[in-house]
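Written out below as C-alpha cells is the structure these notes cover.
The values are calculated or read from the model by the stated rules, or taken from the named source; none is laboratory data. These numbers were taken from a predicted model, which means no experiment stands behind them. Cβ atoms come from the backbone with ideal geometry, glycine included; neighbour counts cover every protein chain shown. Heads up: the accessible areas ignore ligands, DNA and RNA and are worked out on the full protein's heavy atoms, side chains in. Shrake-Rupley method; radii C 1.70, N 1.55, O 1.52, S 1.80 Å.
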Amino acid sequence: KRDTLFQTICEGQSFAMGSNNYAATGVYTDTLSTLSCDSIVLLNLTVNPYKRDSLTLSICSGQSFIVGANNYSTTGIYIDTLITSSCDSIVVLNLTVNDYKRETINISICEGQEYIVGNNSYSLAGTYSDTLPNSTCDSIVTLNLLVNPYKRDTLFKTICEGQNFIVGANNYSTTGVYIDTLNTAGCDSIVL
C-alpha cells in the first residue's frame, strides 16, 4: 500500500512518522510495518519559519504601547511571541519612553501688560501651568507671574507768574490739573 502525505509545520516543531521525527522541509519515504502488509508512505513536509518583526518606537511618559496581551510603558527591549492560526510571530520591541520637557519661567510685568504662554495670555499675578504640544513630547511650562503696579504720585506745586514747572518732557506755566506718564526703567510713573 502507498500513501502520500502533505504536511505543514512551524519552525521548532517536528512531525513523527513511524519511528522517525522530521523537522526540516523535504520529501521523506518510510516503510511502515503492520501485521498484515507493509505501507510505503511518502511524506512531503513543509516547515514554515516564525514571522519575526522588529519595532523601534518612542513614546512619551504616561503613554504605553501594546504588543499582544502586553502593555509596555517603560524604556526597554521586549520580546513577545504572538500565537496565530498558522505559525507564531516573534516581535522584538525596542521602546524608548521620553519625559515631558518641564520649564519654569519667573516673569515680572507692569500693571496693564500681559505675558503670553502658548495660546494663553496672563495679566494677573499668580502661578500658571500650561501644556504646549510639540513634535516629540509635550512641554509643561510653569509661569510664576509678578505684576508690578504703576507708581502714582500726586504733586501740588505753586509757582509764580512767569515761572514754569517741568514734569518729564512737559513744561507747565498756567494753573491747572495735569496728568503725565513718565517712562522709567521699571514700570511707568503716573504723576497728577
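Mind counting the residues in the range 78-89 that are open to solvent by 40 Å² or more (accessible area, probe 1.4 Å) and of a type in the set (Gly, Ala, Ser)? Explain how you work it out, then say what you get.
Of the residues in the range 78-89, the ones open to solvent by 40 Å² or more (accessible area, probe 1.4 Å) are 78-79, 81-86.
Adding the requirement that they be of a type in the set (Gly, Ala, Ser) leaves 85-86.
Counting residues in the range 78-89 that are open to solvent by 40 Å² or more (accessible area, probe 1.4 Å) and of a type in the set (Gly, Ala, Ser) gives 2.
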- Message: Looking only at the range 13-29, count every residue that is open to solvent by 80 Å² or more (accessible area, probe 1.4 Å) and out of contact with any Ser or Thr (no Cβ under 7 Å at 6 or more places or on another chain) and tell me the total.
- Response: 4
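Restricting to the range 124-145, give me the number of residues that are of a type in the set (S, T, N, Q), surrounded by 13 or more Cβ atoms within 10 Å (Cβ to Cβ) and at pLDDT 90 or above.
First, the residues of the range 124-145 that are of a type in the set (S, T, N, Q): 127, 129, 131, 134-136, 139, 142, 144.
Right, trim to surrounded by 13 or more Cβ atoms within 10 Å (Cβ to Cβ) and you get 139, 142, 144.
In the following step, the residues that additionally are at pLDDT 90 or above were identified as 142, 144.
Total satisfying the criteria: 2.
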- Item | Failed item, numbered, when VAL92 is tested on (1) more than 30 Å from GLN7 (Cα to Cα); (2) surrounded by 10 or more Cβ atoms within 10 Å (Cβ to Cβ); (3) at pLDDT 85 or above; (4) β-branched (Val, Ile, Thr) | (1)
- Message: If the requirement is being without any contact (Cβ under 8 Å) to a residue 24 or more places away in the chain, surrounded by 13 or more Cβ atoms within 10 Å (Cβ to Cβ) and either among the aliphatic types (A, V, I, L, M) or farther than 28 Å from LEU82 by Cα (or both), which of these qualifies: LEU32, LEU45?
- Response: LEU32
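Restricted to the range 48-59, and to residues that are open to solvent by 90 Å² or more (accessible area, probe 1.4 Å) and closer than 18 Å to ILE83 by Cα, which residue is modelled with the highest pLDDT? Walk me through how you get there before you give the answer.
Of the residues in the range 48-59, the ones open to solvent by 90 Å² or more (accessible area, probe 1.4 Å) are 51-52, 54, 56.
Those still in the list that are closer than 18 Å to ILE83 by Cα too: 51-52, 54.
Details: LYS51: 85, ARG52: 86, SER54: 93.
Only one residue fits best here, namely SER54.
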- Which of the residues spanning the range 104-119 are loosely packed, with under 15 Cβ neighbours inside 10 Å and under 24 Å from GLN63 (Cβ atoms)? THR104, GLY118, ASN119
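In the range 60-76, what count of residues is obtained for those that are within 30 Å of SER14 (Cα to Cα) and modelled with pLDDT of 90 or more? Outline the logic, then answer.
The initial filter retains those residues of the range 60-76 that are within 30 Å of SER14 (Cα to Cα), namely 67-70.
Going one step further and asking which of them are modelled with pLDDT of 90 or more, we end up with 67, 69-70.
So the answer is 3.
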- Options LYS101, LYS1; residue that is over 25 Å from the mean Cα position of the chain (by Cα) and either open to solvent by 60 Å² or more (accessible area, probe 1.4 Å) or under 30 Å from THR136 (Cβ atoms) (or both): LYS1
